[in-house]
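The values are calculated or read from the model by the stated rules, or taken from the named source; none is laboratory data. Fair warning: this is a prediction, and the values are worked out from it, not measured in the lab. Cβ: placed from backbone, ideal geometry, glycine included. Neighbour counts: every protein chain shown. The protein model used for the area step is the full one, side chains on, heavy atoms only, and it has no ligands, DNA or RNA in it. Shrake-Rupley method; radii C 1.70, N 1.55, O 1.52, S 1.80 Å.
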Amino acid sequence: INRLKRPLQSRADAFLAYSSYGAEVLEAIGHPRDSVVVAVNVSDTDRHLRAADQLSETREEARAALGLPDRFTVLAVGALDRNKRIDVLLEAVSGLDNVHALVVGGGPELPALRQALADRGIGNVTLTGPKQPTELPRYYRAADLLVVPGRGGMVISEAMAHSLPVAVHQADGTEYDLVRDGETGLRLASGDAGSFRSVIERLSREPGSATRMGAAGRALIEREANMDAMVERIVEVCQLARSRRVATPSS
């Protein structure tokens, strides 16, 4: 793959990176930083902001409607494959009586995860299976914290639009721009179950901290990490590439 990428990269006038991490990688392999434009990859943030505002339920009401216990609730959303590392979340919350984990999504790992819950007697996890996009706002409202134990990216901006803080180790790179450690969420140095457990336990004891980071995350989405900003950066990189091509025409 790299043999195919290098000739294409050498002919590029400008680069679009979907995170500052991606920009650093391009710079590290020899591309000038001023040839890279970062458009942070986000979901349809306007739609998620509207959905959050239109939902009148409180967190407690949303939990009751979903048949969940009224406890500190950690949420994971996405297709359940091995890269999502949901088994790490199960290990992290096992035995935490004051915490409930809510896993929304379907996929090839769902049967194995259900079997793991049964085999290990873990009773504080709900696996919902696949849900329609229109059903997700209530699940976001019911939660206190989004946990991203493995790969994933779009869900981060979705959750932040719903005022949820995010705990993440390594997702898709967008966490470097969206999850500002201690401000909009927590970036973990390690992705093991113990690290996630520590964060979950801490925030379950300090729900005010989770609420504060969730509000800061929503403000970040409204202010700068949204679909409008992403489109502006895409237009910017196109203009940059055109100006460079005009300035240095091919022979």
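Numbers at a glance
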read-out	value
Given charges at beta-carbon only (K, R positive; D, E negative), |dipole| of the range 83-122 in Debye	120
Tensor-based shape of the range 97-145 (alpha-carbon gyration tensor, a/c under 1.5 rounded, otherwise prolate or oblate)	oblate
Computed E for residue 235/residue 154 - FRET, C-beta separation, R0 22 angstrom, nearest 0.05	0.55
Rounded tilt (10° steps) of 45-54 against the dominant C-alpha axis of the chain	30
Quarter of the Cα convex hull surface for the range 170-251, i.e. its orientation-mean projected area (nm²)	7.9
Average projection area in nm² (convex hull over Cα atoms of the chain, one quarter of hull surface)	15.0
Taking the range 1-125 and dividing mean pair separation by its residue count, relative contact order in percent (alpha carbons under 8 Å, at least six apart)	18
Probe 1.4 Å - accessible area at residue 223, Å² to nearest ten	140
DSSP bridge pairs, the chain: antiparallel proportion in percent, nearest 5	5
MRE, 222 nm, helices only [DSSP H, n ≥ 4, -39500 (n - 2.57), over the chain, to nearest 500]	-14500 deg cm²/dmol
For the chain, size of Cβ-based charge dipole, Lys and Arg +1, Asp and Glu -1, in debye	660
Lys/Arg +1, Asp/Glu -1 at C-beta; the chain dipole; positive extreme among 165, 67, 116	116
Residue 66/residue 9 FRET efficiency (R0 51 Å; Cβ-Cβ; nearest 0.05)	0.60
